[in-house]
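J.: Let me give you the structure first, and then I'll get to my questions.
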Amino acid sequence: MQIAFIGLGNMGGGMAANLVKAGHSVRAFDLSAEALARAAESGCMPCKTVAEAVEGAEAVVSMLPNGAIVSDVYSNDVLGKAPAGALLLDCSTIDVATARKVAGAARQAGYAMVDAPVSGGIAAASAGTLTFMVGGSKDAFARAEPILAAMGKTVIHAGDSGAGQAAKLCNNMLLGIHMIGTCEAFAMAQKLGLDPQTFYDISSVSSGQNWSMTSYCPLPGVGPQSPADNKYEGGFATALMLKDLTLALAAAEEAGVDPAMGKRARELYEAFAQAGNAGRDFSAIIETLG
Ligand code: NAD
């Protein structure tokens, strides 16, 4: 299949390479010459503009920083320029309202579109083991599934347009909250004189068990290997957690709900990011708790 790929950064670079490995012909564009050169090394055909990349495309995949950029790229350079009937897949994490607006404009211009944000970081993007949560019609999902399966291990239809972003933002709000809760529990256990490994052995098989504890433990030397064992480098940057919590709270406001824990998690991550930790893994927030 001929696929245009827009946005070849930390995530998009690996994803585009996996489409090439799956046998697709990928025409790629990024504003960054370095990102474009890396994509060329992995077998993509580098293009000078979005319009050039979408020429002849049967599908367009984007992995861009935010909703404003996604909206600009689709309205200015994809809609009306990609061949009629091309399937559009935006994998960026963006706000639900923009995802629905862009999908509506695509529909009006005669294209089927899905929002397909991902769970999993840069390593999963390179390894092709991402989870995709997909919003769009059943027909659009059926067309998108094999393309996404070449870049991930799990592809789930979440509902109509915007539902993929809604699932992603609810999931990441929960992640932010249970990471902070896990950090607080470890900090308190130590203050109460418990050995952290002993607390892990007990809580990881008790009702406090959760992913932040057993898959991504915020304490070095406890539980499986995690960014904590690498001085909180790599992993999921605090800036990205803050971005997702901000988008989640915007969606909550729009839906008329008031998530007290989500709001508090955002405040704590904002303060942590502002204190010079934006580029560090989000589990490093344990240093400020307790
Ligand atoms: P990144 O900044 O590394 O990559 C974004 C790329 O988009 C850059 O190469 C940039 O040059 C390019 N770009 C910006 N504007 C453009 C335009 N108008 N036209 C073409 N290219 C343009 O970011 P990333 O880490 O790859 O994240 C991409 C998306 O994936 C974001 O929405 C992010 O929230 C989401 N995400 C990231 C992770 C992660 O761990 N990094 C995990 C899950 C989801």
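J.: Quick test for you: out of 184, 233, pick the one residue that is acidic (Asp, Glu) and part of a loop (DSSP other than H, G, I, E, B). First the steps, then the outcome.
T.: On the way: 184 fails: part of a loop (DSSP other than H, G, I, E, B).
Answer to the check: 233.
J.: Answer yes or no: is there a residue in the range 177-186 that is within 20 Å of the chain's Cα centre (by Cα) and not β-branched (Val, Ile, Thr).
T.: Start the filter on the range 177-186 by keeping residues that are within 20 Å of the chain's Cα centre (by Cα), which leaves 177-180.
Next cut, not β-branched (Val, Ile, Thr) only: 178-179.
There is at least one residue in the range 177-186 that is within 20 Å of the chain's Cα centre (by Cα) and not β-branched (Val, Ile, Thr).
J.: Also, quick follow-up: With (1) open to solvent by 40 Å² or more (accessible area, probe 1.4 Å); (2) in contact with a helix residue (DSSP H, G or I) (Cβ under 9 Å, 6 or more places away or on another chain) as the list, and residue 55 as the residue in question, which single condition is left unmet?
T.: (2)
J.: Restricting the search to the range 189-235, which residues are open to solvent by 60 Å² or more (accessible area, probe 1.4 Å) and among the hydrophobic types (A, V, I, L, M, F, W, C)?
T.: 192, 194, 202, 205, 211
J.: Under 7 Å between Cβ atoms, at least 6 apart or on separate chains: pull out the pairs that start in the range 260-277 with a residue that is at positive phi and in the same structural domain as residue 241 (by TED's automatic domain parsing) and end on any residue that is acidic (Asp, Glu) and modelled with pLDDT under 95.
T.: Listed pairs, sorted by first residue: none to list.
J.: Could you look through the range 27-41, keep only residues that are surrounded by 15 or more Cβ atoms within 10 Å (Cβ to Cβ) and within 17 Å of residue 2 (Cβ to Cβ), and pick out the one that is farthest from the ligand (Cβ to nearest atom)?
T.: Per the stated criteria, the residue is 27.
J.: Take residue 248 and decide whether it is in contact with a helix residue (DSSP H, G or I) (Cβ under 7 Å, 6 or more places away or on another chain) and either farther than 24 Å from residue 162 by Cα or surrounded by fewer than 19 Cβ atoms within 10 Å (Cβ to Cβ) (or both). Spell out the reasoning first.
T.: Values: in contact with a helix residue (DSSP H, G or I) (Cβ under 7 Å, 6 or more places away or on another chain): yes; either farther than 24 Å from residue 162 by Cα or surrounded by fewer than 19 Cβ atoms within 10 Å (Cβ to Cβ) (or both): no.
When the stated conditions are applied, residue 248 does not pass them.
J.: Something else now. Against the definition (out of contact with any Pro (no Cβ under 6 Å at 6 or more places or on another chain) and outside any helix (DSSP H, G or I)), how does residue 216 come out, yes or no? Show your work before the answer.
T.: Values: out of contact with any Pro (no Cβ under 6 Å at 6 or more places or on another chain): yes; outside any helix (DSSP H, G or I): yes.
In short, yes.
The values are calculated or read from the model by the stated rules, or taken from the named source; none is laboratory data. Owing to the predicted nature of the structure, the values given are computational and were not obtained by experimental measurement. Methodologically, a virtual Cβ is constructed for each residue, glycine included, from the backbone with ideal geometry; neighbour enumeration extends over all protein chains shown. All accessible areas refer to the heavy atoms of the entire protein, side chains included, with ligands and DNA or RNA removed. Shrake-Rupley method; radii C 1.70, N 1.55, O 1.52, S 1.80 Å.
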